[in-house]
Structure formats: C-alpha cells, structure tokens
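Novice: Pasting in a structure now, in structure tokens, and then I'll have a few things to ask.
The values are calculated or read from the model by the stated rules, or taken from the named source; none is laboratory data. A quick note: this is a predicted structure, and the numbers were derived from the prediction, not measured. Please note: Cβ atoms are built from the backbone with ideal geometry, for glycine as well, and neighbour counts cover all protein chains shown. Ligands, DNA and RNA are stripped out before the accessible areas are found, and what is left, the full protein with its side chains, is counted by its heavy atoms. Shrake-Rupley method; radii C 1.70, N 1.55, O 1.52, S 1.80 Å.
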Amino acid sequence: SFTDPLGNIFEYQPWYIQLKKTWCPIKIHQEQLNGHKFLVQIENYMTREEASFLTNMEIAVPRHVLPELKEAFYHHDLIGLKVYNDQQEYLG
C-alpha cells in the first residue's frame, strides 16, 4: 500500500484486480492490518485454496475515490513527465 498510514487502503473502495488483462472489481468480506501485512477475505474466494489464486496480485482503486491533494502529488501523476530536483538536475 502507498497509503499513509498503511491501513488507509481499506478506506478506498472498490478495489480492482487485473484478471487476464482486464481490471475487475472485487468486494472485501473482511479485512485486517497485521503489522505491515494485509489480511483480506474477498467475496467469492472464501477458502484458502480459492484465495491463493489472488496472492500477490496488484490492487488498484479508481482515482475519484482518492482524496484531493493540495501540496503533494500521487505517483501516477508523474507518468510521462520530466522530473527535476531543486538543483535543476534531471531525474527522469
């Protein structure tokens, strides 16, 4: 999660996962933050065997559910831009 604090990821719903190159919404049945690990039970994936199919998949949320930032930016806002530091050194 790129949220701060980490547990805020649960505030942004719905979640999407990519299945066969298509982003699909998923519904969370239960969630828990355990240290730096997320324990999430997804509807329609109720057994350990079913859930193993989703292990280590990327999770995405729609941009409109993210809070508006006044003095910062989201990482995806930088895609396609040239970035320089305060010393005008090109970073990429």
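Novice: Compute the distance from the alpha-carbon center of the stretch 6-22 to that of the stretch 49-92, in whole Å.
Specialist: Here the two parts' Cα centres lie 13 Å apart.
Novice: Moving on. Kindly report, to the nearest 10 Å², the accessible surface of residue 6 as traced by a 1.4 Å probe over protein heavy atoms only.
Specialist: The accessible area of residue 6 comes to roughly 50 Å².
Novice: Among rounded, prolate and oblate, which fits the stretch 19-59 when a ≥ b ≥ c are the square roots of the eigenvalues of its C-alpha gyration tensor, a/c under 1.5 means rounded, and a/b larger than b/c means prolate?
Specialist: prolate
Novice: Once you put a point 7 Å from the Cα of residue 72 and another 7 Å from the Cα of residue 54, both along the Cβ direction, what distance in nm separates them?
Specialist: Reported label-point gap for residue 72 and residue 54 is 2.7 nm.
Novice: Ok, one more. Just the number, please: carbon plus sulfur as a percent of the accessible area of the stretch 1-71, 1.4 Å probe, no ligands or DNA/RNA counted.
Specialist: After summing per-atom areas, the C and S share lands at 50 percent.
Novice: Right, another one. Might you tell me the accessible area per residue for the chain, computed with a 1.4 Å probe and given in Å²?
Specialist: I get 87 Å² per residue for the chain.
Novice: Quick one: ranking 46, 57 by accessible area, 1.4 Å probe, largest first, what do you get?
Specialist: Final ranking, largest accessible area leading: 46, 57.
Novice: Taking a probe of 1.4 angstrom, what is the accessible area of residue 89 in Å², to the nearest 10?
Specialist: 100 Å²
Novice: Still on this structure, please answer the following. Note down the relative contact order for the chain as a percent, whole number, built from C-alpha pairs under 8 angstrom at least six residues apart.
Specialist: 22 percent.
Novice: According to a simple spin-label model (label point 7 Å from Cα along Cα-to-Cβ), what is the distance in nm between residue 37 and residue 6?
Specialist: If labels sit at residue 6 and residue 37, their model points lie 1.0 nm apart.
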